[in-house]
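The values are calculated or read from the model by the stated rules, or taken from the named source; none is laboratory data. Since the model is a prediction, treat every value here as computed from it, not as a measurement. Heads up, the Cβs are rebuilt from the backbone with ideal geometry, glycines too, and the neighbour counts pull from every protein chain shown.
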Amino acid sequence: MLLKHDFDHAKLMRRDGPTLADGTSFRELFDFEKREVSLRVMYDPEIHQLELDRVFGRAWIVLGHESEIPNPGDFEMRRLDEDPVIMTRAADGSINLLANICPHRGAEVCAADHGNTTRFTCPYHAWVFDNSGKLVGVPFERQMYPPNWDKSDYGLPRIACTVRHGVIFGNLSDKPMSLEDYLGDMLWYFDALYGGREWTAIPNRAGRYLVNANWKTTADQNQGDFLHVVGAHRSSYELGMFGAEGGGEEMGQYAMKISLPPSGHMLSLFEPNAKPNSLQTQEMLKARMSLPLDQRGWVVTIYPTSGCSAGMRPLPDGTMLMTRMLQSIIPYGVEHFDFSGQGVMLVPADTPRELMASLRRSPRGGGTGVSGIAMEDNNVWRSITTTARTPYAKKATLKYPAVGGPNKPEGWQGPGVIYDGFSHDDSQWHGWMHHYDVMTAG
Amino acid sequence: MDTTTIEPGTRAGNTRIHNTDPRFAEIMEFLTDEAYLLDRDLYFDWLKCVTEDIAYDMPARRNVYREDGSGFETTEGDEIETGGGYYAEDYKSLHFRARQNVEAPSSWYRDPAPRTHRIVSNLIVRSTPVEGEFSAESSILMFANRFDQPVADFITARRQDVIRRTKDGLRLAKRLILVDQTLLAQPFGLLFL
């Protein structure tokens, strides 16, 4: 079961990682031979606290796109895992990420989800900050503080920020690794999908709602779970959404999945109507290799919770418009997350103005909002988090026994471990191995 | 008393139809019947209450400072933007959602059915420039619960409807749902408001 060419397990297996209050080591939660993970990880407040430090405390997380804050003073409140962050453009045009915590006595300085302001005034003692976080004014400065009191020591806490191709990433660490190092082999794909043109956000935000589940339920699925389509989304087949109504169960299992160890990121391209080994599939493969990479629909997962997917949308005149979807799942504690909260849809910035004005996140009737498909996933994630909470969860495991092994199509030039064909559990196991790596690293 | 409208999207200048007018009672009954059908999962019966050109929208709401409005994205003409949010439907997509609710044998999420309770109230009716069409604004409070959840999730919203008199009776031609929450406690997916 230990497939050496997929991942370097040996190094990981030597680490025990942190020990939980009941004496269990993190190592004991994983079975590398059988590819299993203890169910308790899906609901354990102690593990959640460790994740806040080890995972979210060091990750580069997608917070949005520069076109959402085009003008100086524009701000958007975002969350970097559980931390509220002000994403704002300063007078000099720079994009800044500021913690929403007044350095004086801890109050929130920003109360709105978005807007435009050149001054953030704390509602407690009226300290005033500009869009770079600099403290620019305090009441009664002369009476309160000594003459050599240095305001530059008391700015809003600045969060590390890197913008690449307009995509804004944030990192809570004081000394984060570079975004390039964090993306690793994903960089090749990210640049192919986002570089080379400018993108701009279209309006109509997704509606926000909480899913009553642990963030890892969706993060695990986003590492390439195609099998769940025949289970959770069986009704979609029955209603004719994928392929012919009542189509065979193999439909939707054919995918190209690209795991990118040791980064923990992955991306996938799936063909909902492809039957393995059919002529139709051969033709799709040929088409896939001949089209530019950025003209297909990729689902891009950036560990732990970010998505940077690429798609194509048919226009009324029959042409296809490229779209990009940025999204970060936002945990709200151990058993809730906001699924769509920081989602923004992008189109090429040179899209003609008349067309741009008519673009909606989803055309009327186009299946926006909380679809039946989302409900089916949410229901299962809630269910897993519920069972994970029980004492029995310590004895139960999540299992990934379906081994397919890498299968790289001839001529594929991108990096990564490539699983092309009928989808197995391999890419999801990469996801768990990366999670283990991060949780047990020094 | 005629209330000055400050809610977004409502056309000022239309004549108030007071609760002493028989049309007010007729519209209240229509809305009550509609809620009754939805609470009982009778989605295809509910679809008979809407017109074929229905525009059914529920945009997302954000928390904004007063000077920036009510929290809904607006166009330059101060119309509320639709197309994202929770719903942006036409008849065809509503019909498909109705099928998702009750027709597929493997709708695991929908079976057992959640228990919902819609309470419709605070009705304000106005005439519109179009003969036979009324503007009806109402409040909705919907509770929803599943399994042995002891406290139901709830959602409140203001609905701005256009109700049209057809040869078959009153029909819903347009609904804009203005929700109060910016973050819902649960998805309330496939539960029409």
Within segment A:372-390, tally of residues that are closer than 16 Å to residue B:188 by Cα, of a type outside the set (Asp, Glu) and more than 7 Å from chain B (Cβ to nearest Cβ): 4
Residues of segment B:61-111 that turn out to be facing chain A (nearest Cβ under 7 Å), of a type in the set (Gly, Ala, Ser) and not in a strand (DSSP E or B), as a count: 6
Residue within segment A:379-398 that is under 26 Å from residue A:169 (Cβ atoms) and in contact (Cβ under 8 Å) with a residue 24 or more places away in the chain present: yes
Residue check for residue A:361: of a type in the set (Lys, Arg), under 21 Å from residue A:36 (Cα atoms) and touching a residue at least 40 places away in the same chain (Cβ under 8 Å): no
Of all residues in segment A:358-405 being in contact with a helix residue (DSSP H, G or I) (Cβ under 6 Å, 6 or more places away or on another chain) and aromatic (Phe, Trp, Tyr), the one that is nearest to residue A:311 (Cα to Cα): A:381
Qualifying position, being buried (at least 16 other Cβ atoms within 10 Å of the Cβ), under 20 Å from residue B:25 (Cβ atoms), β-branched (Val, Ile, Thr) and in contact with a Phe, Trp or Tyr (Cβ under 9 Å, 6 or more places away or on another chain), among B:140, B:155, B:163: B:163
Residue selected from segment A:22-50 under the condition without any contact (Cβ under 8 Å) to a residue 60 or more places away in the chain and farther than 23 Å from residue A:333 by Cα, by the criterion farthest from the chain's Cα centre (by Cα): A:23
Residue among A:310, A:393 that alone is surrounded by 19 or more Cβ atoms within 10 Å (Cβ to Cβ), at pLDDT below 95 and away from chain B (no Cβ under 14 Å): A:310
Residue that is within 9 Å of chain A (Cβ to nearest Cβ) and surrounded by 15 or more Cβ atoms within 10 Å (Cβ to Cβ), where the choices are B:170, B:183: B:183
Count of residues meeting criterion [surrounded by 14 or more Cβ atoms within 10 Å (Cβ to Cβ) and farther than 28 Å from residue A:405 by Cβ] in segment A:17-49: 10
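Residue-by-condition table, conditions (1) at pLDDT 95 or above; (2) touching a Phe, Trp or Tyr at 6+ places or on another chain (Cβ under 8 Å); (3) within 24 Å of residue A:194 (Cα to Cα):
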{"site": "A:8", "(1), (2), (3)": "no, no, no"}
{"site": "A:19", "(1), (2), (3)": "yes, yes, no"}
{"site": "A:32", "(1), (2), (3)": "no, no, no"}
{"site": "A:41", "(1), (2), (3)": "yes, no, no"}
{"site": "A:60", "(1), (2), (3)": "yes, yes, yes"}
Some residue of segment B:108-119 being surrounded by 15 or more Cβ atoms within 10 Å (Cβ to Cβ), over 30 Å from residue A:331 (Cα atoms), of a type in the set (Ser, Thr, Tyr) and touching a strand residue (DSSP E or B) at 6+ places or on another chain (Cβ under 7 Å): no
Residue satisfying condition, being within 14 Å of chain A (Cβ to nearest Cβ), under 30 Å from residue A:357 (Cβ atoms), part of a strand (DSSP E or B) and touching a residue at least 12 places away in the same chain (Cβ under 8 Å), within set B:177, B:155: B:177
Meets criteria (modelled with pLDDT under 95 and either more than 10 Å from every other protein chain (Cβ to nearest Cβ) or crowded, with 16+ Cβ neighbours inside 10 Å (or both)) for residue A:196: yes
Any hit, segment A:83-99, residues being touching a strand residue (DSSP E or B) at 6+ places or on another chain (Cβ under 6 Å), closer than 20 Å to residue A:339 by Cα and acidic (Asp, Glu): no
Total residues in segment A:375-431, condition of a type in the set (Lys, Arg), part of a loop (DSSP other than H, G, I, E, B) and within 30 Å of residue B:112 (Cβ to Cβ): 2
Pairs where the first residue, in segment A:326-340, is closer than 17 Å to residue A:222 by Cβ and the second is basic (Lys, Arg), C-beta under 6 Å, 6+ apart: A:330/A:79; A:338/A:208
Segment A:110-129 residues that are in contact (Cβ under 8 Å) with a residue 12 or more places away in the chain, paired with ones that are surrounded by fewer than 14 Cβ atoms within 10 Å (Cβ to Cβ) and of a type in the set (Lys, Arg) (beta carbon under 6 Å, 6 or more apart): A:124/A:105
Helices (runs of 4 or more DSSP H) wholly inside segment A:191-240 that include at least 3 residues being closer than 24 Å to residue A:167 by Cβ: A:215-221
